[in-house]
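Below is one structure, written out as structure tokens; the observations come after it.
The values are calculated or read from the model by the stated rules, or taken from the named source; none is laboratory data. Source: prediction; values computed, not measured. Neighbour counts are summed over all protein chains in view; Cβ atoms, including those assigned to glycine, are modelled from backbone coordinates with ideal geometry. Accessible surface areas use protein heavy atoms only, side chains included; no ligands, DNA or RNA. Shrake-Rupley method; radii C 1.70, N 1.55, O 1.52, S 1.80 Å.
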Amino acid sequence: MRAVIVLCIAGTIGSLPAAASELTTYTVRAQAQAGTYAATGTIEAVRAGTLASQVSGRVIEVRVRNGDDVKLGQPLMEIEVGEADDAAIATRAAADGAAARLISAQADFERAQQLRAQDYISVAAIQRAEAALRSTQADARASEALAKAARTRAAWHTVTAPYAGHVTDLW
């Protein structure tokens, strides 16, 4: 099932009034007037959009209804996370493991530098320790990037309002 939420904003591009009492109102009344003037116009929202999730899945909660006002960043709909949440947890654990290996590789390299300064190990040994450190640094950066991407994908299961507005149609 795919749900789409349509938000329309009427008014200025800035923030919406907090209460109806802040809205500008005009009183319209009939009165006799010499001559006539007829005009046709259209009222349009300053910004309107159709929202849809970036992922497919079972909608588990719709938090808004037609006619609701929404704030910027307000959660509108939840889609079952399932595997995306598990992937985020797994990649976070892998990134934590890579960070621990990086600490160990850094300590090994520092020890190798001290031993090399005392001429206890060869130049080749210090080069191997440095290569291991650089490799572990790269692995840690890659693991962190994967964890961040997995968290982002898991977050796509919550559809949020991209701006403040008014829900005009919910299909």
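Overall form of segment 101-167: prolate. Here a/c, set by the Cα gyration tensor axes a ≥ b ≥ c, is 1.5 or more, and a/b is the larger of a/b and b/c.
Average accessible surface for segment 38-171: 65 Å² per residue, computed with a 1.4 Å probe over protein heavy atoms with every protein chain in place. Per-residue extension of 0.36 nm, minus the Cα-Cα distance of ALA38 and ILE89, leaves a gain of 11.9 nm for this segment.
Tell me the angle of helix 83-117 to the major Cα principal axis of the chain, expressed in degrees between 0 and 90 and rounded to the nearest ten. On a 0 to 90 degree scale, this one is about 40. Legend: calculated FRET efficiency, ARG58 to GLN113, from the Cβ-Cβ distance at R0 = 41 Å, rounded to 0.05, equals 0.15. Across the accessible surface of segment 23-171, with the other protein chains kept in place and a 1.4 Å probe, carbon and sulfur atoms take up 53 percent. The alpha-carbon atoms of segment 47-171 define a convex hull whose volume equals 127 cubic angstrom per residue. Of the residues LEU170, LEU72, LEU133, the one with the largest accessible area comes first in the ranking LEU72, LEU170, LEU133, computed with a 1.4 Å probe on protein heavy atoms. Between ALA34, ALA88, ALA124, the GNM of the chain built on Cα springs shorter than 10 angstrom shows ALA34 fluctuating the most.
Given +1 at the Cβ of Lys and Arg, -1 at the Cβ of Asp and Glu and no other charges, the dipole of segment 49-91 around its Cα centre is 220 debye to the nearest 20. Expressed as an acute angle from 0 to 90° and rounded to the nearest 10, what is the orientation of the C-alpha long axis of helix 123-155 relative to the principal long axis of the chain? It is inclined by approximately 20 degrees. What separates the Cα centres of segment 147-171 and segment 44-87 is a distance of 5 Å.
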